[in-house]
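> Sending over a structure as structure tokens; questions will come in a sec.
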Amino acid sequence: MSYNLLKGKRGIIFGALDENSIAWKTAERVHEEGGVFVLSNAPIAMRMGTIDQLAAKTGSHIIPADATSEEDLQNLVEKSMELLGGKIDFVLHSIGMSVNVRKGKAYTDQKYDWTQKGTDVSAMSFHKVMQTLYKNDAMNEWGSIVALTYMAAQRVFPDYNDMADNKAYLESVARSFGYFFGRDHKVRVNTISQSPTATTAGQGVKGFDGFISYADKMSPLGNASALDCANYTVSLFSDLTRKVTLQNLFHDGGFSNMGVSDAVMEAFEKGQ
Ligand code: NAI
């Protein structure tokens, strides 16, 4: 269903790798709602993924950018404004990667240059994206910037490894930068704390299958899908949420406020 919520708005969407990506679903929904945008991803992801199909489907341009590179981000922001014909109204940061997770290094046995790389890609990149937009005065008033996060920033999920720390950093950057963006440009900045979702990044976490079904059983509404997340993001990009800022918004079917559910108790009792 389309409501034309983003008609006349221009944006940048980071992180669509393949059709499972949360950013992919978001791009499709933003397009349906009348928004126009540039798609961006790391140069290496261009070769691995299928982003060109998404660009064709949504009539968008692709501008590669390593989100850790200030030079790439400067080029992306300048070219996006040229291609889209004006300043930006919405930005989705949907980027995450931990080398320690990828290579199976435990949280208690980190290789710190990998840890630093993960922090740069997953968290500091959000600061870099916002600083580039801010310094170029690239955002329209009442624009909206969203990044995706996970509840391991607040609670312990052992296999989430150093990504938990990266997400805590990311959420803090949203608040800190959100203050300056709000004060100076009336731009809002929020993070969405999403349910476990079956994507390339999600499935990289050890024990993901158990994890996703546990969350589903624990949540009164069940897990939020990538499409649900896309819909929520559309609402945050729209003019219907203009005064929502500096928030970490849980989008998880209720999981974050649960202690235990009947379904989890039942599974636990059966296992005894
Ligand atoms: P995904 O694997 O489809 O997307 C991750 C994206 O990050 C990829 O497109 C990848 O190319 C991009 N990326 C990695 N390094 C980059 C770099 N240096 N520069 C630019 N882009 C880079 O997976 P998913 O799940 O759609 O991830 C999107 C966001 O959602 C991430 O921030 C993730 O942590 C977050 N999230 C995911 C959950 C899940 O269970 N899948 C749950 C909660 C949050």
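> Near Asp113, within a Cβ-to-Cβ distance under 13 Å, what is the net charge of the other residues, with Lys and Arg +1 and Asp and Glu -1?
So the surrounding residues net to +2.
> For region 1-60, what size does the Cα cloud have along each of its three principal axes, sorted from largest down, in whole Å?
Taking max minus min along each principal axis of the Cα atoms, region 1-60 gives 34, 19, 17 Å.
> Can you give the local net charge around Asn223? Use residues other than it whose beta-carbon is closer than 13 angstrom to its beta-carbon, Lys and Arg +1, Asp and Glu -1.
Here the count lands on -3.
> With the cut-off at 27 Å, tell me which of the pairs Lys79/Lys206; Lys103/Lys217; Lys57/Lys87; Lys25/Lys270 have Cα atoms farther apart than that.
Lys79/Lys206; Lys103/Lys217; Lys25/Lys270
> How far is it, in nm, from the label point at Glu269 to the one at Ser225 when both lie 7 Å from their Cα along the line to the Cβ?
Computed distance between label sites Glu269 and Ser225 equals 3.1 nm.
> Follow-up. Mind jotting down the distance between the C-alpha centroids of region 53-132 and region 219-272, whole Å?
With region 219-272 and region 53-132 each reduced to a Cα centre, they are spaced 25 Å.
> Any idea what the dipole of region 117-231 comes to, in debye rounded to 20, about its Cα centre with Lys/Arg Cβ at +1 and Asp/Glu Cβ at -1?
220
> While we're on this one: Just to be sure I understand the curve: with the Debye formula and one point per C-alpha of region 60-169, what is log10 I(q)/I(0) at q = 0.20, 0.22 Å⁻¹?
-1.01, -1.13
> Skipping prolines and chain starts, which residues have an amide H placed within reach, meaning under 5 Å, of the one on Thr149, given they are 5 or more residues away or on another chain?
For Thr149, the qualifying residues are Ile192, Ser193, Gln194.
> How many times 2.2 N^0.38 Å is the alpha carbon radius of gyration of region 1-145?
1.08
> Now for a different question. Give me the compactness ratio for the chain, meaning the Cα radius of gyration over 2.2 N^0.38 Å.
Dividing the Cα Rg of the chain by 2.2 N^0.38 Å gives 0.98.
> State, as an integer percentage, the relative contact order of region 150-241 based on alpha-carbon contacts under 8 Å between residues 6 or more apart.
22
> Let me ask something else. Can you pull the Kirkwood radius for region 110-171, inverse mean 1/r over Cα pairs, to one decimal in Å?
For region 110-171, inverting the mean 1/r across all distinct Cα pairs yields 12.9 Å.
> Can you compute the FRET efficiency between Lys111 and Asp262 using 1/(1 + (r/R0)^6), with r the Cβ-Cβ distance and R0 = 51 Å? Round to the nearest 0.05.
With a Förster radius of 51 Å, E is 0.75.
> Can you give the FRET efficiency to the nearest 0.05 for His127 and Arg47, using r as the Cβ-Cβ distance and R₀ = 35 Å?
0.85
> With springs connecting C-alpha atoms under 10 Å apart, model the chain as a Gaussian network and identify which of Val187, Val260, Val91 has the largest mean-square fluctuation.
Comparing Val187, Val260, Val91 in a Gaussian network model of the chain, the most mobile one is Val260.
> Could I ask something else about it? Please compute the net charge surrounding Val36, taking Lys and Arg as +1 and Asp and Glu as -1 over other residues with Cβ under 11 Å from its Cβ.
+1
> Return the calculated 222 nm mean residue ellipticity for the chain, to the nearest 500 deg cm²/dmol, obtained by summing -39500 (n - 2.57) across DSSP H runs with n ≥ 4 and dividing by the residue count.
Calculated from helices alone, the mean residue ellipticity at 222 nm is -13500 deg cm²/dmol.
> Relative contact order for region 1-91: what is it in percent, counting Cα pairs under 8 Å that are at least 6 residues apart?
Reported relative contact order: 33 percent.
No lab work stands behind these numbers, since they all come straight from the coordinates. Please read all numbers here as calculations on a predicted model, not as lab measurements. All Cβ positions, glycine included, derive from the backbone under ideal geometry; neighbour counts span all protein chains shown.
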